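Notes follow once the structure below has been shown.
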Amino acid sequence: MAPLTDLYHLTMAYGHWRAGRHRAPAAAELFFRRGPFGGAFALGAGLAEALRCLRAFRFSAADVAYLRSVLPSTTEDAFFNYLATLDASEVTISAVPEGSVIFAKVPFLQVKGPLLVVQLLETTLLCLVSYASLVATNAARFRLLAGPDVKLMEMGLRRAQGPDGALSASKYSYVGGFDYTSNILAGKLYGVPVCGTIAHSFIMSFTSLEEVQPRELPPLAGGEPVDLPSLAESWLGRVCELLQTPPEKANRGELAAFVSYAIAFPRDFQGLLDTYCVKRSGLPNFCAVALALHQLGYQAVGLRLDSGDLARQSKEIRQVLRACAAHFQVPWFETIPIAVSNDISEQSLEEFRREGSEINVIGVGMNLVTCPLQPSLGCVYKLVEVNGSPCLKLTEEEEKMTIPGTKTIYRLYDAAGHPFMDLMALEEEPLPSAGQEVVVHVLGRLNEASKVVPAAVEPLHRTYFRDGQVCEPLPSLPEVRSHAQASLSLLSPAHRRLREPEPYPVAVTERLHCLLTELWQASQ
């Protein structure tokens, strides 16, 4: 994994090595500058992948041979020999636990080690963490809009930026709160629950009930097999009579497709209703097959819509399901889950909630995996200390100024248990105490000192990597997912809302502010 970096990191590495400063102790921080999607928060993700990469950080003989071919011919051979011995055994990584809520300008990762290695890791860590955190955050926004009771399915494999992007999207949308993925490989590799239905092409491939083979299905409790096409057709007449719709308007190819699918998956039957007309064909055909299965002891598991006014149709379909449940005395029928897809966005979910839809499952593809509202989290990786001396990047844009020195990060909580501020302190400073007044300078208005009294104080970072090994137990993916939801639930409504949230304050201690001022004045 060592070659997963940009060329300029190798040229800088050679410069450090040539000057004999490659082993100087250094520290860097990885963070983002603005909350994504116009929100106040992000979810930190990708940490486990980054740690795995660190364990495997090596330049193979083939890697070194390739670097010889791309670096200038004046590069000394001894440098390539040095690269062949390089690993991450002297690197220490501390980080916010994966799945935690993180805020702009607060380091997600802190990296310490020899200067050359610390700089070589920049692009690799940014690549592994930035998109993972972005898509986890995007998924969390969909979860917050959908509410806790609606099931969410990631189905963006065909829309993603290549197979790597698709797998990352499946994995980290699960962290963000999605329940399922359609991506079988993600299910195999990461244990994400997989889910899927049928497509229009399956339904369109049938034209008549004569094409259904095999035709018979035994009752769930045992007994003689029953001709399911005939039974479904008889139920279709009864359903159409109840719904006062002409049976001849129900497409027989669609009915055949539903019957064939039901015979293949009698315990998992679900229908896609909008290949033809939902009201006159898809819904009557689905109800007919579901009621035929019920007669044999089976229970349909759901239906899906993929076009049209999804909220309105869901309410109309629920009315029909309730009517069938009452008329045919099948109580479970009215609770059949209704799933929807079709270019679902945040705006779609807001409309579903506003219109009081009857939707139970939502499939999201492109607007989840491509993050079109913000295609990059904009993470940066900045040196904060070299050889024991703090580093400060000064710029005309205050937003791009870095906070110098190796630091400890604390999250301050109010009496209601909500985090109200993240506080950066110099590493040697004492831990702030709950119930004790702290003088702080909030980023964005550093010249103003203010005082806060936290009800609780939490150190944010844990050391995860030391001496070439992961030194903290890593949670499973479901545990990371649970932690993410718990972290989100702690946010105050003002910081959790997705539109025009209240800015979350990030501050520095009085001592860190003094260091910042001193370095700034020295550079003038």
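The values are calculated or read from the model by the stated rules, or taken from the named source; none is laboratory data. Model, not experiment: these values are computed from the prediction. As a convention, Cβ positions derive from the backbone with ideal geometry for all residues, glycine included, and neighbour counts pool all protein chains shown. Ligands, DNA and RNA are excluded from the accessible area calculation, which covers all protein heavy atoms including side chains. Shrake-Rupley method; radii C 1.70, N 1.55, O 1.52, S 1.80 Å.
The figures follow:
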| item | result |
| --- | --- |
| Neighbours by Cβ (under 6 Å, 6+ apart or cross-chain): first from the range 504-524, without any contact (Cβ under 8 Å) to a residue 40 or more places away in the chain and surrounded by fewer than 13 Cβ atoms within 10 Å (Cβ to Cβ); second assigned to a strand (DSSP E or B) and not small (G, A, S) | none |
| In the range 144-176, residue surrounded by the fewest Cβ atoms within 10 Å (Cβ to Cβ) [restricted to those that are farther than 26 Å from L51 by Cβ and charged (D, E, K, R)] | D149 |
| Among (1) open to solvent by 10 Å² or more (accessible area, probe 1.4 Å); (2) under 15 Å from the mean Cα position of the chain (by Cα), the one test that N138 misses | (1) |
| Of the criteria (1) over 30 Å from L296 (Cα atoms); (2) part of a helix (DSSP H, G or I); (3) hydrophobic (A, V, I, L, M, F, W, C), which one I203 fails | (1) |
| Candidates V129, V192 - the one that is buried (at least 24 other Cβ atoms within 10 Å of the Cβ), part of a loop (DSSP other than H, G, I, E, B) and either touching a Pro at 6+ places or on another chain (Cβ under 9 Å) or aliphatic (A, V, I, L, M) (or both) | V192 |
| Which listed residue is basic (K, R), touching a helix residue (DSSP H, G or I) at 6+ places or on another chain (Cβ under 7 Å) and either at pLDDT 95 or above or under 17 Å from V364 (Cβ atoms) (or both), from K188, K151, K171 | K171 |
| Filter result (open to solvent by less than 30 Å² (accessible area, probe 1.4 Å) and either under 23 Å from R312 (Cα atoms) or outside any helix (DSSP H, G or I) (or both)) within the range 242-274 | T245, A250, E254, P266, F269, G271, L272, L273, D274 |
| Which listed residue is modelled with pLDDT of 95 or more and under 30 Å from S492 (Cα atoms), from F80, F41, F59 | F41 |
| Sole exception among (1) of a type outside the set (S, T, N, Q); (2) open to solvent by less than 10 Å² (accessible area, probe 1.4 Å); (3) without any contact (Cβ under 8 Å) to a residue 40 or more places away in the chain for G20, by number | (2) |
| Check on T402, out of contact with any Pro (no Cβ under 7 Å at 6 or more places or on another chain), farther than 28 Å from T181 by Cβ, modelled with pLDDT of 95 or more and of a type outside the set (D, E, K, R) | no |
| Total residues in the range 371-385, condition outside any strand (DSSP E or B), of a type outside the set (G, A, S) and open to solvent by 30 Å² or more (accessible area, probe 1.4 Å) | 4 |
| Hits in the range 336-348 (condition: in contact with a Lys or Arg (Cβ under 9 Å, 6 or more places away or on another chain) and either assigned to a helix (DSSP H, G or I) or loosely packed, with under 14 Cβ neighbours inside 10 Å (or both)) | E346 |
| Test for I317: is it touching a helix residue (DSSP H, G or I) at 6+ places or on another chain (Cβ under 8 Å), among the aliphatic types (A, V, I, L, M) and part of a loop (DSSP other than H, G, I, E, B) | no |
| Output for the range 287-308, where each listed residue is among the polar types (S, T, N, Q) and open to solvent by 60 Å² or more (accessible area, probe 1.4 Å) | Q295, Q299 |
| Subset of the range 411-428 [open to solvent by 10 Å² or more (accessible area, probe 1.4 Å), in contact with a strand residue (DSSP E or B) (Cβ under 7 Å, 6 or more places away or on another chain) and farther than 14 Å from S492 by Cβ] | L426, E427 |
| A28 vs. criteria in a helix (DSSP H, G or I) and modelled with pLDDT of 95 or more | no |
| Members of the range 54-96 found to be within 26 Å of L30 (Cα to Cα), in a helix (DSSP H, G or I) and open to solvent by less than 10 Å² (accessible area, probe 1.4 Å), listed by number | L54, L83 |
| Where A311 falls short, out of the listed (1) over 37 Å from the mean Cα position of the chain (by Cα); (2) surrounded by fewer than 23 Cβ atoms within 10 Å (Cβ to Cβ) | (1) |
| Every pair of residues 6+ apart whose Cβ atoms lie under 7 Å, when the first sits in the range 211-230 and is without any contact (Cβ under 8 Å) to a residue 12 or more places away in the chain and surrounded by 14 or more Cβ atoms within 10 Å (Cβ to Cβ) while the second is part of a loop (DSSP other than H, G, I, E, B) and of a type outside the set (S, T, Y) | none |
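Every residue, every condition in (1) among the charged types (D, E, K, R); (2) in contact (Cβ under 8 Å) with a residue 24 or more places away in the chain; (3) touching a Leu at 6+ places or on another chain (Cβ under 7 Å), yes or no:
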{"position": "F57", "(1), (2), (3)": "no, yes, no"}
{"position": "A62", "(1), (2), (3)": "no, no, no"}
{"position": "L67", "(1), (2), (3)": "no, yes, yes"}
{"position": "E76", "(1), (2), (3)": "yes, yes, no"}
{"position": "T85", "(1), (2), (3)": "no, no, no"}
{"position": "T92", "(1), (2), (3)": "no, yes, no"}
{"position": "A95", "(1), (2), (3)": "no, yes, yes"}
